[in-house]
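Remarks on the structure that follows.
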Amino acid sequence: MKRSLMVVAVLLGALSAAASAGTISGKVSGVNGDSVVYVEAIAGKTFPAPTEKPVIDQKGLKFQPNLVAVQQGTTVEFLNSDTVAHNAFWISVGGNKKLGHNLGTWPQGEKKAFKFDNPGAVPLLCNVHPEMSAYIVVAPTPYFAVTDQSGSYKIENVPDGSYTVAAWHEGAKKQSKPVAVSGEGKADFTLSK
Ligand SMILES: [Cu+2]
């Protein structure tokens, strides 16, 4: 009996959590392929850094995946799965050249880690292979999503409130707009170079 009551309490808790968390969804058009959509910094709110460490693999002379979105404060691991040595460096974060960094060069099977404490787009390059490139987009909040190839996106678990939502795409001008979330919010973007 006690046990079934506990199950009911846990279920009710899960239901109320689901009811209070909303979504922001929409479409990014005007560009081809993946974009990143994220909620800009929220005044007076900070978020603990995630403990999960996404991995970018250097495999087949490519960064895989070649577009990764993470929350500010996330440690990203860079793995080399190729038989040749790879490097990873970036000249800026969010256009700020003072945040450029070079992780060095490392052989197959080894990993290097870096904690991204500043928000913005990180243009990732390998100085051994000029054809290798990728982007990490560091979002200032936990509310972000990478679009699918058609540009559709959905950001889950967003509490009700008013936000500024930004859309980023490689080579396009970043666009942001206000979005009110009450259970759900919608934001479409049309980006241009
Ligand atoms: Cu390389």
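For every residue, the table says whether it meets (1) within 16 Å of the ligand (Cβ to nearest atom); (2) at pLDDT below 95; (3) exposed (fewer than 14 other Cβ atoms within 10 Å of the Cβ).
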| site | (1), (2), (3) |
| --- | --- |
| Val122 | no, no, no |
| Asn127 | yes, no, yes |
| Pro142 | no, no, no |
| Ala145 | no, no, no |
| Glu156 | no, no, yes |
| Val165 | no, no, no |
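If you go through segment 33-43 one residue at a time, do you hit one that is within 16 Å of the ligand (Cβ to nearest atom) and out of contact with any Phe, Trp or Tyr (no Cβ under 9 Å at 6 or more places or on another chain)?
The first filter runs over segment 33-43 and keeps only residues within 16 Å of the ligand (Cβ to nearest atom), leaving none.
No, that holds for no residue.
What are the residues in segment 123-155 that are in a strand (DSSP E or B) and touching a Ser or Thr at 6+ places or on another chain (Cβ under 8 Å), if any?
Pass one, segment 123-155, residues in a strand (DSSP E or B): 123-125, 133-139, 144-146, 152-155.
Scanning segment 123-155 gives Pro123, Leu124, Leu125, Val138, Val146, Ser152, Tyr153, Lys154, Ile155.
Which of the residues that make up segment 64-103 are more than 12 Å from the ligand (Cβ to nearest atom), exposed (fewer than 13 other Cβ atoms within 10 Å of the Cβ) and over 11 Å from Val122 (Cα atoms)?
Lys98, Asn102 - these are the residues of segment 64-103 that are more than 12 Å from the ligand (Cβ to nearest atom), exposed (fewer than 13 other Cβ atoms within 10 Å of the Cβ) and over 11 Å from Val122 (Cα atoms).
When you look at Gly104, is it in a strand (DSSP E or B) and in the same structural domain as Met132 (by TED's automatic domain parsing), yes or no? Steps first, answer last, please.
Details: in a strand (DSSP E or B): yes; in the same structural domain as Met132 (by TED's automatic domain parsing): yes.
Against the criterion (in a strand (DSSP E or B) and in the same structural domain as Met132 (by TED's automatic domain parsing)), Gly104 qualifies.
Among the listed residues Asn96, Asn87, Asn102, Asn66, which satisfies the condition of being in contact with a strand residue (DSSP E or B) (Cβ under 6 Å, 6 or more places away or on another chain), of a type outside the set (D, E, K, R) and closer than 17 Å to Trp168 by Cα?
Details: Asn96 fails: in contact with a strand residue (DSSP E or B) (Cβ under 6 Å, 6 or more places away or on another chain); Asn87 fails: closer than 17 Å to Trp168 by Cα; Asn102 fails: closer than 17 Å to Trp168 by Cα.
Step by step, each of Asn96, Asn87, Asn102, Asn66 is checked, and only Asn66 is in contact with a strand residue (DSSP E or B) (Cβ under 6 Å, 6 or more places away or on another chain), of a type outside the set (D, E, K, R) and closer than 17 Å to Trp168 by Cα.
In segment 146-193, what residues are of a type in the set (Asp, Glu) and either farther than 13 Å from Val37 by Cβ or in contact with a strand residue (DSSP E or B) (Cβ under 8 Å, 6 or more places away or on another chain) (or both)?
Listed by number, the residues that qualify are Glu156, Asp160, Glu170, Glu184, Asp188.
Could you list, in sequence order, all residues of segment 54-98 that are under 26 Å from Ala145 (Cβ atoms), among the hydrophobic types (A, V, I, L, M, F, W, C) and more than 18 Å from the chain's Cα centre (by Cα)? Explain how you work it out, then say what you get.
Here is the first cut: in segment 54-98, the ones under 26 Å from Ala145 (Cβ atoms) are 54-59, 62-79, 88, 90, 92-96.
When the remaining residues are screened for being among the hydrophobic types (A, V, I, L, M, F, W, C), the result is 55-56, 63, 67-70, 76, 78-79, 88, 90, 93.
Once the filter is applied, which keeps residues that are under 26 Å from Ala145 (Cβ atoms), among the hydrophobic types (A, V, I, L, M, F, W, C) and more than 18 Å from the chain's Cα centre (by Cα), segment 54-98 yields Leu79, Ala88.
The values are calculated or read from the model by the stated rules, or taken from the named source; none is laboratory data. This structure is a prediction, so every number in the text was calculated from the model and none was measured. Cβ: placed from backbone, ideal geometry, glycine included. Neighbour counts: every protein chain shown.
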